[in-house]
Amino acid sequence: MIVVLVIGMLASIASANYRRATDEARKSACINNLRQIDSAKGQWAIEHYEPGDTTPTPEDLDPFIKGGIAKIFCPADSTKTFATSYNINDLDTNATCRLVPTKHVISADNS
């Protein structure tokens with residue numbers, strides 16, 4: 001009986017840690033995608049001499065992202081599409097995640 005209790009406790013601890021690790025991995029992948037989008041925005045702006053208040057389209061950024069824009073989506077997005085995952089924003093503003101905008105954020109802490 002005690003063995004079953006101990007195994008149950010260990011399973012619940014392992015389950016919680018697995019969930020937390022999965023959430024952190026998704027967050028890291030999303031933030032890396034946001035960085036890639038911002039890098040593509042910068043490259044596009046330099047190549048096209050665009051001012052900071054210009055907002056590029058996904059088609060504008062496509063050549064600057066390895067594998068194309070279609071390969072980039074937030075891991076939390078069940079539809080796995082760029083359009084439902086991210087807001088590009090203008091050149092002066094970082095790209096944002098549409099699904100978890102409060103946690104999937106480029107900041108000084110995770111740069």
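The values are calculated or read from the model by the stated rules, or taken from the named source; none is laboratory data. Keep in mind it's a predicted model, so treat the numbers as computed, not measured. Cβ sites come from the backbone with ideal geometry, for glycine too, and all protein chains shown count toward neighbours. Surface accessibility is based on the protein's heavy atoms, side chains included, excluding ligands, DNA and RNA. Shrake-Rupley method; radii C 1.70, N 1.55, O 1.52, S 1.80 Å.
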Looking at the stretch 1-49, which of its residues are under 17 Å from the mean Cα position of the chain (by Cα), open to solvent by 100 Å² or more (accessible area, probe 1.4 Å) and of a type in the set (V, I, T)?
none
Mind checking which pairs have a first residue in the stretch 72-88 that is in contact (Cβ under 8 Å) with a residue 12 or more places away in the chain and a second that is polar (S, T, N, Q) and open to solvent by less than 40 Å² (accessible area, probe 1.4 Å), Cβ under 6 Å, 6 or more apart or different chains?
I72/N33; F73/S85; C74/S85; D77/S85
Output the qualifying pairs, or none if there are none: Cβ atoms under 6 angstrom, residues six or more apart or on different chains, first residue in the stretch 39-50 and more than 15 Å from T93 (Cα to Cα), second residue β-branched (V, I, T).
none
For the stretch 62-74, check the following and say yes or no: at least one residue is of a type in the set (K, R), open to solvent by 90 Å² or more (accessible area, probe 1.4 Å) and farther than 18 Å from T96 by Cα.
yes
